[in-house]
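Scroll down for the structure; my scribbles are underneath it.
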């Protein structure tokens with residue numbers, strides 16, 4: 001990693017968690033975008049606050065956090081983040097059948113268009129990850 005990154009203990013812990021959930025390839029791409037000074041601060045913030053101070057708390061498992069994120073990100077209609085978190089959910093032990101149920105649940109509370117988009121995005125991730 002580029003030595004210009006702010007490297008606090010929180011950043012290092014967050015980076016390990018971020019990589020474990022989203023995968024090295026995704027995180028490397030995100031951090032490469034952070035080599036632009038305009039993007040650097042938000043990448044550091046996301047890594048330290050989101051991935052360390054929130055994801056590393058004891059109150060919920062990573063699996064539970066993934067389920068919550070899928071519902072919230074579907075409701076917010078954030079396809080780029082949803083794609084990353086479908087991958088993360090699979091990495092956190094959520095099955096394809098469970099993803100189907102999560103997105104079916106979102107159809108009721110978030111609306112059918114949002115749910116359909118989530119199904120489409122998940123299908124793309126399944127193909128990319130070779131999930132049958």
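Of note:
- Sorted by Cβ neighbour density within 10 Å, fewest at the top, the residues 35, 10: 35, 10
- Relative to the longest principal axis of the Cα atoms of the chain, the long axis of helix 79-91 lies at roughly 90 degrees.
- By the count of other C-beta atoms within 10 Å, a proxy for reagent exposure, 83, 127, 96 are ordered fewest to most as 127, 96, 83.
- 0 to 90° range, to nearest 10: angle between helix 24-33 axis and the chain longest Cα axis: 60 degrees
- What the Cα atoms of the chain give is an Rg and a Dmax of 15.2, 47 Å.
- Percent RCO, i.e. relative contact order, over the chain, from Cα pairs under 8 Å lying at least 6 residues apart: 23 percent
- Sorted by Cβ neighbour density within 10 Å, fewest at the top, the residues 103, 11, 38, 126: 38, 126, 11, 103
- Where labels lie 7 Å past Cα in the beta-carbon direction, separation of residue 124 and residue 12 in nm: 3.6 nm
- Computed from Cα positions, the angle between helix 96-110 and the longest principal axis of the chain comes to roughly 80 degrees.
- Values of log10 I(q)/I(0) for the range 60-132 across q = 0.11, 0.17, 0.20, 0.21 Å⁻¹ run -0.21, -0.51, -0.72, -0.80, by the Debye formula with one identical scatterer at each alpha carbon and no solvent.
Throughout, read-outs are computed from the coordinates displayed, never taken from laboratory work. Note that the coordinates shown come from a computational prediction; the quantities given were computed from them, not determined experimentally. Note: ideal-geometry Cβ built from the backbone for every residue, glycine included; neighbour counts use all protein chains shown.
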